[in-house]
Amino acid sequence: MRVRRLTAGLAATLLLPLGACTGGDSEADPTEPTSAETPTPTTTKRDGPTLPPEAQGDNEAAAKAFVTFYFELISDAMVTGDTSRLSEFSSPECTTCGSYVALIDETYSEGGRYVTRGWSVEATAAVGNTGEQHHFALRTLQRRRILLDEHGDEVDVSRREVTPMRIILQPSLDSWKVIRLDIVR
């Protein structure tokens, strides 16, 4: 099954364990999901996370609020398999964003799914602006993630990790687009 082959790409691209990261131990955290918690992928169109009013505008505060929202979109897409909203707020030039969307789409199209409470931003620091673009350094929490195949069998488990990242945003209509997202080594 192709979901098994996706494991290597997923680990390398989505949830890369980093030597510089400080993460939880490999034991399950009581607040983290187990493979017994297997949500059913969404089969009907739904809205997912809503862009908060504080993320609308073109200033630094709005950009920071958008970053939190964007990571909610990543988490929602991993759990539901619906990447439409994630794609909507990702620029075509963001190759990492496109990789996340492609891996999630492929996993769900092959019958696989993820069990996770997703990603969140623990800290955001502005590291400069160039023109309209806003650059931030992030400390993200990538919670334990279980990859299940089409039979509901565990294929891969990634432990909880704190991961440094950087993100570059550009204003787009009443919101933002992610034009770059990188794991910092």
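What follows is calculated from the coordinates using simple rules that are stated; it is not laboratory data. Since this is a predicted model, take the numbers as computed values, not measurements. Please note: Cβ atoms are built from the backbone with ideal geometry, for glycine as well, and neighbour counts cover all protein chains shown.
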Within region 69-95, how many residues are in contact with a helix residue (DSSP H, G or I) (Cβ under 8 Å, 6 or more places away or on another chain) and among the polar types (S, T, N, Q)? 4
Within region 109-127, track down each residue that is farther than 17 Å from Gly48 by Cα and not in a strand (DSSP E or B). Ser109, Glu110, Gly111, Gly112
How many residues are surrounded by 18 or more Cβ atoms within 10 Å (Cβ to Cβ) and either without any contact (Cβ under 8 Å) to a residue 40 or more places away in the chain or of a type outside the set (A, V, I, L, M) (or both) if we restrict to region 106-123? 9
Of residues in region 89-103 being farther than 20 Å from Thr50 by Cβ and hydrophobic (A, V, I, L, M, F, W, C), the one surrounded by the most Cβ atoms within 10 Å (Cβ to Cβ): Cys94
Filtering region 51-75 down to residues that are without any contact (Cβ under 8 Å) to a residue 60 or more places away in the chain, crowded, with 16+ Cβ neighbours inside 10 Å and of a type in the set (A, V, I, L, M, F, W, C) yields Ala65, Phe69, Leu73, Ile74
Scan of region 76-88 for residues that are assigned to a helix (DSSP H, G or I), surrounded by fewer than 21 Cβ atoms within 10 Å (Cβ to Cβ) and small (Gly, Ala, Ser), ordered by number: Ser84, Ser87
Filtering region 76-88 down to residues that are farther than 16 Å from Leu51 by Cα and without any contact (Cβ under 8 Å) to a residue 60 or more places away in the chain yields Val79, Thr80, Gly81, Asp82
Among the residues of region 134-185 satisfying the criterion of being surrounded by fewer than 20 Cβ atoms within 10 Å (Cβ to Cβ) and among the hydroxyl-bearing types (Ser, Thr, Tyr), which is farthest from Arg113 (Cα to Cα)? Ser172
